[in-house]
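For reference, the structure discussed in these notes is given below.
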Amino acid sequence: MDRYQRIALTLGVCVTVASVAAAYWARYALVEVDGLEAYCAQAAREFRCTLRMAVIAAFQQHRLGGAAILLTALALWTRRGSLALLALAVAGTGLVLYDADVSAVAWIAAALTLQRAATGQQTPAPV
């Protein structure tokens, strides 16, 4: 494993761990808090309630998995490691926030795309 592959692997792991930690915070501090739903029904204009509704809408409408797939496709098409890292972050969030089916596929594809970008492999030209 050369230097660029080690850096890509380290960044991929760090981005995934950070996004999963943030998603767990959102899940247990915003979505699954006892009494917060009733509180937000009364004080809907508070920032925490607005953020909670945005998080819930994101996973109910499968926006996290869709965004992760889109970012992975863009990273694969442009061969950019930075887009693959962003796709890993969004997919890691989707894995925790109830959109695991699509996010798991996106995470694996993004990880492979990041490795490919780190090695500089090219897609073979069509015959």
Being part of a helix (DSSP H, G or I) and surrounded by fewer than 21 Cβ atoms within 10 Å (Cβ to Cβ) is the requirement here; does Ala89 meet it?
no
Within the range 92-125, residues being farther than 11 Å from Gly12 by Cβ and surrounded by 15 or more Cβ atoms within 10 Å (Cβ to Cβ) number 15
Going through the range 8-31 one residue at a time, which ones are of a type in the set (Val, Ile, Thr) and under 14 Å from Trp107 (Cα atoms)?
Val13, Val15, Thr16, Val17, Val20
Exactly one of Ala26, Ala41 is touching a residue at least 40 places away in the same chain (Cβ under 8 Å) and hydrophobic (A, V, I, L, M, F, W, C), and that one is Ala26
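Throughout, read-outs are computed from the coordinates displayed, never taken from laboratory work. Keep in mind the model is a prediction, meaning the values are calculated, not measured. Glycine gets a Cβ as well: all are built from the backbone with ideal geometry, and neighbour counts include every protein chain shown.
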